[in-house]
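One structure is given here, and the rest of the page talks about it.
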Amino acid sequence: MTSPSNQPDLTTVLNADLYSKITANQLPWPRDKPLNWHSVARYMFEDELSRVNKPGGPREFWLPALQALSRIPFSELPSVDLMRHLPNPKSETFAEQAFALQVLLDQGPRILFDGETTDCRFVRGYFDVLSLRLAQGFRDLPEELRPWRRERWPGLSFEYWTLVWIWFIAPLVHSESKECHGVAQPLIEELRVDIERLSGKTDPYRKDHEVLMKDTKAFPRMIMEGTPSAKDLKMEGFWWWLLTVLDVHKPIIDHFGRYPYLNGSVGRESTAEEVEHIEETNHFGEANPEVVKRIKEDVERGVWTPLGEYKKK
């Protein structure tokens, strides 16, 4: 077990008030009415940074929590039990608070800590460890208590629930574990089939699915092309795109065993093949070269530059 003396007091930041703010920011739409999917797509992707950084925005309540978590000694992360900062899994409030904590760990660092400072090391090298551990803890619960189940979110429309589901799947897709991707794939396909049944349409990406699942450049290409932009975008059109984006993480892991564009941000050396891949994808997702150099120095010294303390030389 982790020694309490080595851990920060997280009870002051990981609480119902924080979870409520995270959920309200991540899911600001009516829970029981049809959604405007053009607006949803813009909110989730194109407008993400502007809304996060505005006064009163998520940065103001995400950052203190992430800074507190970052003070846990790295060697103790595998034994940290964040479930203790959530209600009992049988509680009616568990699912929503579990959602918020998962979003904090998986999305907060990705949005706040870009490749322009050494903070980006914390995304993959630190918070993803906690995020995946939490996700696995949820999967270890009896099936009826798992927080993404629709039964745990009474009164939600199916449309709204899909936007809950995505953030419980994200840690599996962000993982560099082939086992995690193996768990994610049938869940992705299950939602695809549900949407096909409800819409009466077939996902148009299916015809190219076999090719896409071998294409290591499909993920950066789809992200750089952007979200579907039609003003009359329907739920199925949005999800055909996003489910495929989730799918095409897997061929990168199948081929390389890791995400090459993240090597620099965690202090790893790239192979010649990975360097070629990074160049062919226009350095998608790579950290700033000066930041990469500083992270490598930190890794070699066995230290972490604390969040927010990177200064350009």
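Details
- Residues being buried (at least 18 other Cβ atoms within 10 Å of the Cβ) and not in a loop (DSSP other than H, G, I, E, B) - total across the range 275-313: 6
- Residues of the range 126-171 satisfying the condition of being in contact with a Phe, Trp or Tyr (Cβ under 8 Å, 6 or more places away or on another chain) and closer than 30 Å to LYS296 by Cα: TYR126, ALA135
- Members of the range 46-61 found to be under 22 Å from GLY226 (Cβ atoms) and in a helix (DSSP H, G or I), listed by number: GLU46, GLU48, LEU49, SER50, ARG51, VAL52, ASN53
- Scope the range 127-160; condition among the aromatic types (Phe, Trp, Tyr) and under 21 Å from ASP106 (Cβ atoms); matching residues: PHE127, PHE138, TRP148, TRP153, TYR160
- With respect to the conditions (1) at pLDDT 95 or above; (2) assigned to a helix (DSSP H, G or I); (3) in contact with a helix residue (DSSP H, G or I) (Cβ under 8 Å, 6 or more places away or on another chain); (4) over 19 Å from GLY308 (Cβ atoms), HIS38 lacks only one, and its number is (3).
- Residues located in the range 283-298, provided they are within 24 Å of the chain's Cα centre (by Cα) and touching a residue at least 60 places away in the same chain (Cβ under 8 Å): PHE284, GLY285, GLU286, ALA287, ASN288, VAL291, ILE295
- Flag for GLY267 being out of contact with any Gly (no Cβ under 7 Å at 6 or more places or on another chain), on the phi > 0 side of the Ramachandran plot, not acidic (Asp, Glu) and not assigned by TED's automatic domain parsing to the domain that holds VAL123: yes
- Of the numbered criteria (1) over 22 Å from LEU163 (Cβ atoms); (2) outside any helix (DSSP H, G or I), the one ASP32 fails is (1).
- For LEU35: the one exception among (1) touching a Phe, Trp or Tyr at 6+ places or on another chain (Cβ under 7 Å); (2) over 30 Å from PHE238 (Cα atoms): (2)
The values are calculated or read from the model by the stated rules, or taken from the named source; none is laboratory data. These numbers were taken from a predicted model, which means no experiment stands behind them. Positions of Cβ are backbone-derived with ideal geometry, glycine not excepted, and every protein chain shown enters the neighbour counts.
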